[in-house]
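Contents: one structure, followed by commentary.
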Amino acid sequence: DGTEPSHMHYENDENYFRGYEWWLMKEAKKRNPKIKLIGLPWAFPGWIGKGENWPYDYPDITAYYIVSWILGAKQYHDLDIDYIGIWNERAFNSKYIKLLRYTLDKHGLEQVRIIASDRLWEPISFVMMIDSELHGVVDVIGAHYPGTKTVQNAILTGKKLWSSEDYSTFNDDVGAGCWARILNQNYVNGNMTSTIAWNLVASYYEELPFGRCGLMTAQEPWSGHYKVESPIWITAHTTQFTQPGWSYLQMDGHLEGGGSFVALTDGLGNLTIIIETMSHNHSKCIRPPLPNFNVIPQRATFYLRGSFYMVETLQVWHSRLDFESGHSSLFQKLRPVKVWKGRFSLDLNVDEVYTLTTLKTGRKYGCPEPPPPQPFPSNYKDDFNIRNPPFSEAPNFADQTGVFEYFVNASDPGDHVFTLRQVVVQRPITWVSDADQTISVIGNFKWVNMTVTCDIYIEKPRDGGVFIAGRVDNGGIYVRRTKGVFFWVFADGTYRVTGDLAGEEILMKGLAGVRDNAWHTLTLNIQGNSASGLLNGYPLWENVTISKPQNGWAALGTRSFELAQFDNFQVE
């Protein structure tokens, strides 16, 4: 769903105040000081690979880059990173993992634990079984979207098993059903003692890939509107009554009529039981495919033994996902259950979640109503004139390839001291296919007719170039196939109008007289099936026919990974 700025854009560059993650981690710690922090690289800056699209040729450099981030988190934000991963859903390298452990220890970071390999259970489990040194340095085996199952080799390692990325499902009640089912069954079927949802909050334009695949939705920073979706309350059934450090009790957690239960304890006498009876069609996750199963209403009797035999009452919290009426009941406190001689019974319907617990701390927080939803402003401008910005990037711009940051032009005579600058000058070691151009999108995907204006400054001589665009239809992992109306100017004095970001579908071209290291104003006007462009307020081209896309965002960007500046952006 876009790019994030690295703490080291270049070899000699370090900055621990870029992007939103530092802010997010600190806000999370304010609310729950015991929350765990995990780092996992998706991509790496290009300099790490010295020109190769591979992070393991120079493992000492990669380890230095990762450990710098962990040290910076502590030094500049007093954040302790608890776990570090290898490379999201890509190959691992045993030599690198061992060197990472060595480098962490050398910098006094023995407490930081290593997760591997954030892909599938294999081959990491097998390699750990035959390489005792690797076995010694990996603390957690993390698999993505395991479908609640593990493999024999993973169990044989004796390591903690985690579903280190899961969910990724549209956050309606079916998404809540998916989440309820896997939170329990990842342990019941697969012995996994952690399940991590991608993503936490859907705070990106909904039309980007995997729109609203977060536990809640907050995708209107301009209005402040957000929605606490049902997966949040499903989460609460587990997280309000357990903590990291609690232990799962080992038993068969399958219910006779379908569904599952887990039981956890803090080892100090507290007990939490979570029951789910999600039906097949109401709990499908985005992946993997879900084999058929049946769930029927049932009466379940539970027996408490050992130290739990003395428990007399359990607090009860209940959710019922109602797919008929659409009026689900979420996280309601019911009457406590009396436990008699270590046993109690419950009548369980389909598509329900129960938490039974000795803890009396549960709460369904009342929040003030968020502001009502509003579309993105139909007349929007940003001159980037901000002396001490709270973030390194301008609001509402969503970088899809490259990184666009606030910049101060100390040498500028005055009109363009504060600008927005694209700063990535080398293709990253990519996770998926970034574009060959840089691009940041903004606005309302439903926009049809629009005028986009922006001052531009090409920094790269000869083959440098920049664009402004409208009706931009794609981003994220699909950014290479982005279409729209793109108005390009180049340092060699030419211009182009193309129907795509790749620049292959040429609609118009000619001479513009733009040069590098000078400011120019571009205006793009799209009305119906016609577009026109102005340079410095004078018509440069007009009557270019536009067939599709019929709508999309506004955007700006560069021809390649090159420095360029933008100022006085406006879209109507």
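The values are calculated or read from the model by the stated rules, or taken from the named source; none is laboratory data. Values in this document were obtained by computation on a predicted structure and should not be read as measured data. Here Cβ is always computed from backbone atoms with ideal geometry, including for glycine, and neighbour counts include all displayed protein chains. SASA here: full protein model, heavy atoms, side chains in, ligands and nucleic acids out. Shrake-Rupley method; radii C 1.70, N 1.55, O 1.52, S 1.80 Å.
For Y495, the solvent-accessible surface with a 1.4 Å probe is about 20 Å², rounded to the nearest 10. Per residue, region 1-147 exposes 47 Å² of solvent-accessible protein surface, assessed with a 1.4 angstrom probe and all protein chains in place.
Which of K149/K284; K36/K360; K36/K160; K446/K483; K34/K74; K227/K364 have a Cα-Cα distance over 18 Å?
Working: K149/K284 15 Å; K36/K360 23 Å; K36/K160 16 Å; K446/K483 14 Å; K34/K74 16 Å; K227/K364 15 Å.
In this structure, K36/K360 lie more than 18 Å apart at Cα.
The Cα center of region 87-134 and the Cα center of region 277-343 differ in position by 37 Å. Take D436: with every protein chain present and a 1.4 Å probe, its accessible area is about 70 Å².
Figure the gain on full extension for L268 and N409 (residue separation times 0.36 nm, minus the Cα-Cα span) and round it to one decimal in nm. Walk me through the numbers before you get to the answer.
Values: separation 141, 0.36 × 141 = 50.76 nm, distance 5.99 nm.
Between L268 and N409, full extension yields 44.8 nm more.
Take the convex hull of the alpha carbons in region 283-355; its mean projected area over all directions comes to 6.8 nm².
Annotation: the chain has a Kirkwood hydrodynamic radius of 26.2 angstrom, from the mean reciprocal C-alpha pair distance.
How much length is gained if the chain between T361 and I296 is pulled fully straight, taking 0.36 nm per residue apart and subtracting their Cα-Cα distance, in nm to one decimal?
Working it through step by step, the gained length comes to 20.3 nm.
By the beta carbon rule, with partners counted only under 4.7 Å, the chain holds these lone Cys residues: C213, C367, C454. When the chain is described by a simple charge dipole with +1 on each Lys and Arg Cβ and -1 on each Asp and Glu Cβ, the residue from N449, P123, Q298 located farthest towards its positive end is Q298.
Could you give the Stokes-Einstein D for region 20-229 in µm² per second, using the C-alpha Kirkwood radius, 37 °C, 0.692 mPa s?
Values: Rh = 18.4 Å.
Result for D is 178 µm²/s.
Taking 0.36 nm per residue of separation and subtracting the current Cα-Cα distance, fully stretching the chain between L24 and D57 would add 8.6 nm.
May I ask you to give the percent of accessible area on region 83-175 that is carbon plus sulfur, with a probe radius of 1.4 Å?
Details: 2050 of 3640 Å².
Summing carbon and sulfur atoms, their accessible area is 56 percent of the total for region 83-175.
Debye-formula intensities of region 380-571, expressed as log10 I(q)/I(0) at q = 0.09 Å⁻¹, are -0.28 (one equal scatterer per alpha-carbon, no solvent). The percentage of C-alpha pairs in region 522-572 whose separation is greater than 13 Å is 68%.
Taking E21, E256, E312 and ordering them by how much accessible surface each has at a 1.4 Å probe, largest first, produces E256, E312, E21.
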